[in-house]
1. Taking only the C-alpha atoms, wrap a convex hull around the range 515-629 and report its volume per residue in Å³ as a whole number.
2. Of L520, M243, I232, whose Cα points farthest to the positive end of the dipole of the chain (charges on the beta-carbon: +1 Lys, Arg; -1 Asp, Glu; origin at the Cα centre)?
3. Counting only C-alpha contacts under 8 Å and six or more residues apart, can you give the relative contact order of the chain as a whole percent?
4. Rounded to the nearest 0.05, what FRET efficiency do L518 and E587 have when you use their Cβ-Cβ distance and R0 = 30 Å?
5. Using the Cα atoms as the points, what is the convex hull volume per residue of the range 141-229 in Å³?
6. Whole-Hz Karplus ³J(HN,Hα) for the range 512-518, in order, using 6.51 cos²θ - 1.76 cosθ + 1.60 and θ = phi - 60°, x for Gly and Pro?
7. About the Cα centre of the range 426-563, how large is the charge dipole given +1 on each Lys and Arg Cβ and -1 on each Asp and Glu Cβ? Please answer in debye to the nearest 20.
8. Given Cβ point charges of +1 (Lys, Arg) and -1 (Asp, Glu) and nothing else, what value in debye, to the nearest 20, does the dipole of the range 453-521 about its Cα centre take?
Amino acid sequence: MLLYLLQQETSSTELRTECAVVLGSLAMGTENNVKSLLDCHIIPALLQGLLSPDLKFIEACLRCLRTIFISPVTPEDLLYTDATVISHLMALLSRSRYTQEYICQIFSHCCKLQHWHSCGFKSLPQPLLCANGPDHQTILFNHGAVQNIAHLLVSTSYKVRMQALKCFSVLAFENPQVSMTLVNVLVDGELLPQIFVKMLQRDKPIEMQLTSAKCLTSMCRAGAIRTDDSCIVLKTLPCLVRMCSKDRLLEERVEGAETLAYLIETDVELQRIASITDHLIVMLADYFKYPSSVSAITDIKRLDHDLKHAHELRQAAFKLYASLGANDEDIRKKIIETENMMDRIVNGLSESSIKVRLAAVRCLHSLSRSVQQLRTSFQDHAVWKPLMKLLQNAPNEILVVASSTLCNLLLEFSPSKEPILESGAIELLCSLTQSENLALRVNGIWALMNMAFQAEQKIKSDILRGLSTEQLFQLLSDSDVNVLMKTLGLLRNLLSTRPHIDHIMSTHGKQIMQAVTLILEGEHNIEVKEQTLCILANIADGTTAKELIMTNDDILQKIKYYMSHSNAKLQLAATLCISNLIWNEEEGSQERQDKLRDMGIVDILHKLSQSSDSNLCDRAKTALQQYLA
């Protein structure tokens, strides 16, 4: 009935305005109220109302729209179904301070990034934007949002200033185009970044400080402001650290820590500055102390609030620790020495909240880059156990980070390597190499490569059995060069030390030689070809394995070709193959030397011994000495 009256042109403007006000009140109720209103097509009706000449009615429709769009059950795309709506809203911005406040609020709630971002998942493949064209940020940007909203930052109304600021914080997020534009916008003769910095000052309301810090953070991450600019180092970073302190509300502490984690995520210098600002590392330990036992007794409402935020606080702290420890060994040490830190991470890995688990494993990954910690704290707390458990049927976003961490725990100096092997890691990693997800394929093969390094023969045989020849070929023909390089690295590690080389080549020789031939014939970059020639050099170092090269004229011709290649790295690797084949003290060396001399190899070695590249020259001379001995 209300909607019917609202839409009747014959109803008086007063009545239609009252209808919009009552509908707005209904929308403030439960989510079910909003769903019912959406089912009755309230949005098209209200958007139609915006065409009225009456300002009071327009404001009432906007207020109601604002309330509906704030609700989590309302799809943001409803604002973008008709192309004329955005232009009309931009035109209404100049009508009154209420139209300004509500429209900015609608924009900031309807501007969703349609791809991943949870501080740092740059490695995840991003889903394409919605099929119906450009994303929300681009649509608003193309309709002149920056120019139309910028001057509202100096409005006399606090609410308008605040909503305009929020609008910029979502427009600029992960958007270089918007960020680069904002840097040069002038409002009343002042550049936008300077206006944001003024809004960061301690005497401003906290939500204003936080939101302008978010704007500056997005602009910095998009490359529009340098990381060493004073507005980042002296203003934004300290402001965000302040937001993490004990005297802030829990919500503010969460937002402050998450924004700071994003700001410093890729910059070593900012990580160092943050780590020594206001005892941040110790301050974050407090994030794990909710709900506190005291509040449980005194105040049920407070306990409920604390419980609700406890997950978010832990997630934010883990994210910030992950960013802080991303590069610097001393910072990692400080984090790990913070009270019960390793226990907290281990507990975090098995929490019910997926977001906390994800943040905890990212923190662990960051700390696992430390050789020192892998040998000490990681071992003392048997971190590998919950990590292996986490790798069983986790969603991809967790798998990617957990498997990266596992790669580090499998490095040869890590004491966790043995127990991880015993707990069935080979099978798990071999299955990752078959994943559709590129990052998982890379991590699976990378971890196997680390596992095979200086490993005993049984482990190497288990890896080859687990992978199967078929899968090995699949990986060697993967379109991603990273997968290819790691697979070649695995082969190179498997084919090291003579007895292992001979054993593996006796069981898999034919297939491996086929793979090597394929790669040397294919269109691959220098690094790939060099790695492949190094594998051949390892095979040439075997006792019986070298016969697989000597009886394969095709491969011998390829080695000869690469000895005369224009790239010194390839020449060096090919010459090492020859050196290993003709080494004097070994049985049958005379026949091998004769065969290679007949192929013209000695002439090439003479040429190479005159090379201006000292490594190549030495390698060729060493090989020639085998002929003279």
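The values are calculated or read from the model by the stated rules, or taken from the named source; none is laboratory data. Keep in mind that what you see is a predicted model, and the values were worked out from it rather than measured. Counting neighbours? That spans all protein chains shown, and the Cβs are built from the backbone with ideal geometry, glycine included. The area values use the complete protein model at the heavy-atom level, side chains included, leaving out ligands, DNA and RNA. Shrake-Rupley method; radii C 1.70, N 1.55, O 1.52, S 1.80 Å.
1. 90
2. Final value for the positive-end residue is M243.
3. Reported relative contact order: 5 percent.
4. My answer for the efficiency is 0.50.
5. Convex hull of Cα atoms, per residue: 89 Å³.
6. Karplus-based 3J(HN,Hα) across the range 512-518 equals 5, 5, 4, 5, 4, 4, 4 Hz.
7. Magnitude of the dipole: close to 300 debye.
8. Result for the range 453-521 is approximately 240 debye, rounded to the nearest 20.
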